[in-house]
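See below for the structure under consideration.
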Amino acid sequence: MPADSSQNFPFDASVLDQLACPACLGALRLDGARLVCVACGRGYPVVDGIPALIAERAEDPRH
Ligand SMILES: [Zn+2]
């Protein structure tokens, strides 16, 4: 398999523009292999290249 640094992203980062936090509709940014809402700070896992934007699965930083 050829080395390709773009493969470090688990999915196409360009779709971030079309995604929003399901909890507050804030913008999302990539943080490693997950998405983090810039507004409320919740984190969402990316499973098999698909962002799991489910409020119930969010990692609430205020725990
Ligand atoms: Zn949010």
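The values are calculated or read from the model by the stated rules, or taken from the named source; none is laboratory data. This one's a predicted model, so the numbers in the text were calculated from it and none came from an experiment. We place every Cβ from the backbone using ideal geometry, glycine too, and count neighbours over all the protein chains shown.
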Seminar exercise, completed: How many residues of region 44-63 are among the small types (Gly, Ala, Ser) and surrounded by 17 or more Cβ atoms within 10 Å (Cβ to Cβ)? The answer is 1
For this session: Check region 11-20 and report whether any residue there is within 16 Å of the ligand (Cβ to nearest atom), modelled with pLDDT under 90 and in contact with a Leu (Cβ under 9 Å, 6 or more places away or on another chain).
Result: yes
Problem set entry | Qualifying positions in region 31-51 - at pLDDT below 90 and of a type outside the set (D, E, K, R) | Gly32, Ala33, Val46, Val47, Gly49, Ile50, Pro51
